[in-house]
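Participant: Okay, here's the structure, questions in a sec.
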Amino acid sequence: MNPIRWGILAPGRIAHKFAQDLVKSPNARLTAVGSRNLERAQEFANAYDAPYAYGSYEELLTCPELDIVYIASPHIGHYEHTMLCLNAGVAVLCEKPFAMNRRQVEEMVRTAREKKVFLMEALWTRFMPATLKTLELIEQGVIGKVLGVKADFGFKGIYDVNSRLFSPTLGGGALLDIGIYPVFWSYLNLGMPTTIKASAIFSETGVDASNGMVMTYGEKQFAFLDSTFMAKTACEGWVYGEKGNIKVHGRWHESQGMTLELYGEGREVETQVFNFERDTWGYGYEIEAVGRCLSQGLTECPEWSLDHSLDLIQLLDSIRSEMGLRYEAFDA
């Protein structure tokens with residue numbers, strides 16, 4: 001199999017981490033970088049031995065050696081940049097959140113399907129070994145029926161009204177930046193909820209600095225979720241079952257370990273620890289999954305399809321509505 005030839009659009013912090021894992025992948029090759037600043041693109045390309053550097057996103061799509069573009073721009077640009085690539089017939093892996101609302105995601109999905117171009121939301125956690133092991137244990141019935149899930153994600157953010165964390169014009173707020181992970185965890189394990197309750201503590205800029213969510217499901221299941229820029233939290237992911245629990249160690253969305261707890265007689269608990277050590281950031285699992293899809297001629301990833309992304313953005317929109325969080329530039 002020939003290596004998949006990758007381009008990176010917007011060479012920021014997360015793009016560097018992605019590129020560092022990309023160059024370690026045996027079935028992938030970084031060939032092009034596109035930035036709004038040519039010098040920045042050239043510096044990034046030189047750092048990872050990419051042969052092409054471009055001073056605009058449009059020029060990136062003219063690269064003669066390009067199979068797919070990884071979009072690493074701030075999430076207010078995801079819709080625009082994804083549509084730019086799709087309309088040029090170029091496959092896309094776009095960072096999460098896929099876009100600012102369901103309306104944008106629907107258009108992205110519709111365009112990709114009409115043009116038969118590969119498109120996927122870059123939810124790398126879906127491909128982590130800890131996530132796969134969790135799903136395997138549930139499928140095998142090891143913990144019995146899933147009763148509920150819990151997940152948190154929090155860090156102490158530096159308050160800056162102009163930063164991507166707190167600026168409403170940049171789509172700031174805890175939910176879209178990090179709360180998407182706990183919401184994803186609930187969706188992955190329980191699907192779409194019957195009810196959603198959510199509230200938030202808002203920053204002075206009007207975006208959520210902290211949020212909490214409670215979801216219920218038709219079979220008397222629950223999800224307790226939260227995210228915050230106000231404090232460092234445990235960042236653990238839990239799945240509670242009739243026969244036992246699964247705890248994905250912090251930071252759970254990129255975890256290298258998990259613990260299975262099985263109930264015995266009385267208060268006795270049997271534990272088993274799983275370790276998934278790696279020497280990378282963890283993007284390689286996602287990169288390999290995309291490579292398999294492209295090599296097989298698929299236009300969607302079975303593990304994280306476009307229908308899954310539509311469900312996830314619907315959940316995020318519903319939570320924002322429940323919290324009273326609006327982005328005037330995008331929700332008109």
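The values are calculated or read from the model by the stated rules, or taken from the named source; none is laboratory data. Being a predicted model, the structure only gives us computed values, none of them experimental. Quick reminder, even Gly has a Cβ in these numbers, built from the backbone with ideal geometry, and neighbours come from all protein chains shown. Heavy atoms of the whole protein, side chains included, go into the accessibility calculation; ligands, DNA and RNA do not. Shrake-Rupley method; radii C 1.70, N 1.55, O 1.52, S 1.80 Å.
Participant: Is it the case that some residue within region 227-249 is among the aromatic types (Phe, Trp, Tyr) and farther than 21 Å from Ala130 by Cβ?
Facilitator: Within region 227-249 (the criterion being among the aromatic types (Phe, Trp, Tyr) and farther than 21 Å from Ala130 by Cβ), the answer is yes, since at least one residue qualifies.
Participant: Sticking with this one: So which of Gly282, Gly264 ends up being out of contact with any Gly (no Cβ under 8 Å at 6 or more places or on another chain), modelled with pLDDT under 95 and not charged (D, E, K, R)?
Facilitator: Numbers: Gly282 fails: modelled with pLDDT under 95.
So the residue among Gly282, Gly264 that is out of contact with any Gly (no Cβ under 8 Å at 6 or more places or on another chain), modelled with pLDDT under 95 and not charged (D, E, K, R) is Gly264.
Participant: Is region 232-240 home to any residue that is crowded, with 16+ Cβ neighbours inside 10 Å, of a type in the set (Val, Ile, Thr) and in contact with a helix residue (DSSP H, G or I) (Cβ under 6 Å, 6 or more places away or on another chain)? Before you say what the answer is, go through the steps one by one.
Facilitator: The initial filter retains those residues of region 232-240 that are crowded, with 16+ Cβ neighbours inside 10 Å, namely 233, 235-240.
Right, trim to of a type in the set (Val, Ile, Thr) and you get 233, 239.
Cutting the leftovers down to in contact with a helix residue (DSSP H, G or I) (Cβ under 6 Å, 6 or more places away or on another chain) gives us 239.
So far as region 232-240 goes, yes, one or more of its residues are crowded, with 16+ Cβ neighbours inside 10 Å, of a type in the set (Val, Ile, Thr) and in contact with a helix residue (DSSP H, G or I) (Cβ under 6 Å, 6 or more places away or on another chain).
Participant: Quickly run through region 1-50 and pick out the residues that are among the aromatic types (Phe, Trp, Tyr) and more than 25 Å from Gly297 (Cα to Cα).
Facilitator: Applying the first criterion (among the aromatic types (Phe, Trp, Tyr)) to region 1-50 yields 6, 18, 44, 48.
Residues satisfying the conditions are Phe44, Tyr48.
Participant: While we're on this one: Can you tell me which condition Gly157 does not meet? The list is (1) open to solvent by 10 Å² or more (accessible area, probe 1.4 Å); (2) not in a loop (DSSP other than H, G, I, E, B), and all the others hold.
Facilitator: That leaves (2) as the condition not met.
Participant: Still on this model: List every residue pair whose Cβ atoms lie under 7 Å apart, where the two residues are 6 or more positions apart in sequence or sit on different chains, the first residue falls within region 262-289 and is at positive phi, and the second residue, located anywhere, is in a helix (DSSP H, G or I).
Facilitator: Final answer for the pair search is Gly282/Trp124; Gly282/Glu254.
Participant: Okay, moving on. Within region 21-137, considering only helices (runs of 4 or more DSSP H) that don't extend past its boundaries, which have at least 3 residues that are in contact (Cβ under 8 Å) with a residue 60 or more places away in the chain? Step through it out loud before you land on a result.
Facilitator: Details: elements: 38-47, 57-60, 78-87, 102-115.
Correct list: 102-115.
Participant: Test Trp304 against the stated conditions and say whether it is among the hydrophobic types (A, V, I, L, M, F, W, C) and open to solvent by 40 Å² or more (accessible area, probe 1.4 Å). Lay out the reasoning, then the answer.
Facilitator: Working: among the hydrophobic types (A, V, I, L, M, F, W, C): yes; open to solvent by 40 Å² or more (accessible area, probe 1.4 Å): no.
Judged against the criteria, Trp304 is not a match.
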